[in-house]
1. Using the Karplus curve 6.51 cos²θ - 1.76 cosθ + 1.60 with θ = phi - 60°, what ³J(HN,Hα) values do you get for each residue of segment 78-95, in whole Hz, with x for Gly and Pro?
2. Over segment 3-162, what is the relative contact order in percent, taking alpha-carbon pairs closer than 8 angstrom and at least six residues apart?
3. Would you work out which of Val134, Tyr158, Gly74 lies farthest towards the positive end of the dipole of segment 60-170, given +1 charges on the beta-carbon of Lys and Arg and -1 on that of Asp and Glu, about the Cα centre?
4. How much of the accessible area of the chain, probe 1.4 Å, is carbon plus sulfur, in whole percent?
5. Please give the calculated 222 nm ellipticity per residue for the chain, where each DSSP H segment of at least 4 residues contributes -39500 (n - 2.57) and the sum is spread over every residue; nearest 500 deg cm²/dmol?
6. Along segment 60-73, what does the Karplus equation 6.51 cos²θ - 1.76 cosθ + 1.60 (θ = phi - 60°) give for ³J(HN,Hα), rounded to whole Hz, x for Gly and Pro?
7. Would you please give the residues with an amide H less than 5 Å from that of Gly28, counting only those at least 5 places away or on a separate chain, with H modeled from the backbone geometry?
8. Taking a ≥ b ≥ c as the square roots of the eigenvalues of the Cα gyration tensor of segment 3-162, is the shape rounded (a/c under 1.5), prolate (a/b larger than b/c) or oblate?
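The values are calculated or read from the model by the stated rules, or taken from the named source; none is laboratory data. Computed from a predicted model, the values in this text were never measured in an experiment. Counting neighbours? That spans all protein chains shown, and the Cβs are built from the backbone with ideal geometry, glycine included. For accessibility, only protein heavy atoms count, side chains too; no ligands or nucleic acids. Shrake-Rupley method; radii C 1.70, N 1.55, O 1.52, S 1.80 Å.
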Amino acid sequence: MGLESVFWAFWYILPAYFANASPVLVGGGPPIDGGRKWRDGRRILGDGKTWRGFIGGVAIGTLVGVVQYFITPGFYGDLPTAVKLAFLLSFGALFGDLVGSFIKRRANLPRGAPAIGLDQLGFLISALAFAYPVKTLSSGQIIFLLVFSPFIHWGANYFAYKMGWKSVPW
Ligand SMILES: CC(C)=CCC/C(C)=C/CC/C(C)=C/CC/C(C)=C/COC[C@@H](COP(=O)(O)O)OC/C=C(\C)CC/C=C(\C)CC/C=C(\C)CCC=C(C)C
Ligand SMILES: Nc1ccn([C@@H]2O[C@H](COP(=O)(O)OP(=O)(O)OP(=O)(O)O)[C@@H](O)[C@H]2O)c(=O)n1
Ligand SMILES: [Mg+2]
């Protein structure tokens, strides 16, 4: 795959990356599940999934898309398309993150426990699925993102851990 095609794949997915990373810095406050438990007696989502993180992440991811529009207008077509795409990528990423936590809680994993695969790819697959109707990538670009995103995710988490933003490096 050409370098240019790799660049556009990252450019496309950037709002989802920002949406996923932002809650670490802007999250906190009341949890989305309101502290409620599922029928198995464990939390529905857990204290790691908050309204502030979710809404803040969607807002930051969407804003990133707007900034991207002004840098490369041709990539999106027009501003409403850029907003729609960035919103769907961001919402999709954080929705996928919630589904991941739901699955982790059902598997009896405590908040913050690593779930290899789910943690690195859940948000990405969900973001790609939500954004699909507006604009999508070639299958080669999607495979590229699926292969390389886990490394970037691990790198970003390690960085956030070293910065003291996260208590665990995953
Ligand atoms: C403006 C505000 C308030 C926040 C901006 C948030 C921010 C700093 C965004 C950076 C966006 C970005 C390009 C992130 C990397 C991509 C990515 C996949 C991030 C996934 O987020 C992981 C996140 C939460 O983990 P979770 O899925 O378990 O919930 O981890 C939090 C990480 C950060 C807040 C720090 C972001 C990291 C950097 C700015 C450094 C990035 C370092 C690398 C990409 C290292 C590359 C390493 C390799 C191996 C190539
Ligand atoms: N919707 C969200 C998502 C994340 N966060 C914040 O970002 C941190 C890291 O996110 P993540 O790794 O996804 O959560 P975990 O704490 O690991 O919880 P889980 O085991 O459910 O993944 C969380 O602890 C929380 O402080 C948040 O406030 N709201
Ligand atoms: Mg985690």
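1. 9, 4, x, 5, 4, 5, 4, 5, 5, 5, 5, 5, 6, 4, x, 4, 6, 5
2. 25
3. Result: Tyr158, furthest along the dipole toward the positive end.
4. Heavy-atom surface of the chain belonging to carbon and sulfur, 1.4 Å probe: 71 percent.
5. On the way: 6 runs with 115 residues, N = 170.
Rounded to the nearest 500, it is -23000 deg cm²/dmol.
6. 5, x, 5, 4, 4, x, 5, 4, 4, 4, 6, 7, 10, x
7. Close amide H contacts, sequence-distant or interchain: Thr50, Arg52, Gly53.
8. Prolate, since a/c reaches 1.5 and a/b exceeds b/c.
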